[in-house]
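First up is the structure itself, then whatever we jot down about it.
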Amino acid sequence: MIQLDGVSLNYKNDVTLLDNVDLHIPQGGFCWLTGPSGVGKSTLLRLLHLEKKSNTGLVTILDTPTNHARRSTICRLKQRIGIVYQDFRLIPNLTVFDNIALPLRLQNADETTVQRWTARILDWIGLEHKQYTYPKTLSGGEQQRVAIARAVIHRPDLLLADEPTNALDDYQVKRLMDLFYDLNDLGCTIIMATHNDALIRQFPATRLKLENGQLWVNNAV
Ligand SMILES: Nc1ncnc2c1ncn2[C@@H]1O[C@H](COP(=O)(O)OP(=O)(O)OP(=O)(O)O)[C@@H](O)[C@H]1O
């Protein structure tokens with residue numbers, strides 16, 4: 001379960017992005033996060049990923065109150081979260097294989113598991129032939145597929161995705177949504193920021209709309 005109670009958030013001397021926001025998402029929920037450009041969607045995802053602290057209010061992630069949590073608790077929680085950044089944030093001096101394998105290695109998975117799971121997901125994203133290359137040699141769409149693979153390889157309990165379809169073609173978008181639905185069926189909570197209304201219409205789910213510091217929740221009919 002994800003819960004925000006009276007959460008406010010702003011960058012120094014800047015407008016309030018979240019103004020006393022309450023939110024409850026049950027485990028296994030699937031939500032679209034929408035709102036005009038610059039309204040704070042990426043920042044909200046960073047808050048849920050425990051990279052950014054709120055100014056006030058309580059933040060509960062995967063049933064764990066985080067405000068006064070120890071650093072070790074936060075580290076363990078973060079290992080249960082997958083995130084696809086809008087700008088991918090692949091690690092430039094790691095190969096495609098090592099970028100994707102990173103979450104498993106951070107969990108100290110044994111190397112046989114690392115090799116097997118990474119090979120499987122490389123096959124799924126169609127980039128086995130590029131596994132020994134570095135991110136800067138990839139196209140935007142290829143980088144996005146690597147970022148998606150890295151976000152899901154450790155089967156997270158919470159998946160945060162910031163416009164993960166931007167650089168993908170229609171075929172890849174359909175496969176991505178199938179993957180996200182499969183993960184969601186396994187109990188993963190998914191929050192996906194998008195500007196793509198057609199995608200939302202095609203795949204109805206709860207819609208969180210962020211505007212003027214308020215988060216409006218619309219359940220899919
Ligand atoms: N590190 C930062 N320091 C100061 N201000 C920031 C920082 N990161 C983002 N902002 C500001 O916070 C506001 C919200 O940015 P954010 O990226 O969260 O919006 P967004 O809704 O995701 O936008 P978009 O849809 O265009 O991706 C913007 O005005 C942005 O300039």
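How high is the FRET efficiency from Asp178 to Thr64, r the C-beta distance, R0 41 Å, rounded to 0.05? Write out the running numbers ahead of the final one.
Numbers: r = 30 Å, r/R0 = 0.73.
The value I calculate is 0.85.
Quick one: length gained pulling Lys209 to Arg71 fully straight, 0.36 nm per residue minus the C-alpha distance?
Values: separation 138, 0.36 × 138 = 49.68 nm, distance 3.10 nm.
Result for the pair: 46.6 nm of gain on full extension.
Using a basic spin-label model with each label point 7 Å from the Cα along Cα→Cβ, how many nm lie between Ala220 and Leu199?
1.4
Cα extents of the stretch 53-155 along the three principal axes, largest first, in whole Å?
Dimensions of the stretch 53-155 along the principal axes of its Cα atoms: 46, 30, 22 Å.
If you take the beta carbon distance between Tyr11 and Thr95 as r and set R0 to 30 Å, what does 1/(1 + (r/R0)^6) give as a FRET efficiency, to the nearest 0.05?
Details: r = 34 Å, r/R0 = 1.15.
Once rounded, the FRET efficiency stands at 0.30.
Counting other Cβ atoms within 10 Å, keep those with at most 14, restrict to DSSP loop, and tell me which GluC sites (Glu not before Pro) in the stretch 29-129 are left. Numbers along the way, then the final one.
On the way: sites: Glu51, Glu111, Glu128; in loops: Glu51.
Here the sparse-neighbourhood loop sites are Glu51.
One quarter of the convex hull surface, Cα atoms only: what value does that give for the stretch 2-218 in nm²?
Numbers: hull surface 47.9 nm².
Here the figure is 12.0 nm², rounded to one decimal.
Over the chain, with the other protein chains present, what is the accessible area per residue in square angstrom, probe 1.4 angstrom?
Values: 11090 Å² over 221 residues.
That works out to 50 Å² per residue.
The values are calculated or read from the model by the stated rules, or taken from the named source; none is laboratory data. Predicted, not measured: the structure shown is a model, and the values here were computed from it. Note: ideal-geometry Cβ built from the backbone for every residue, glycine included; neighbour counts use all protein chains shown. We work out accessible area using only protein heavy atoms, side chains counted, and drop any ligands, DNA or RNA first. Shrake-Rupley method; radii C 1.70, N 1.55, O 1.52, S 1.80 Å.
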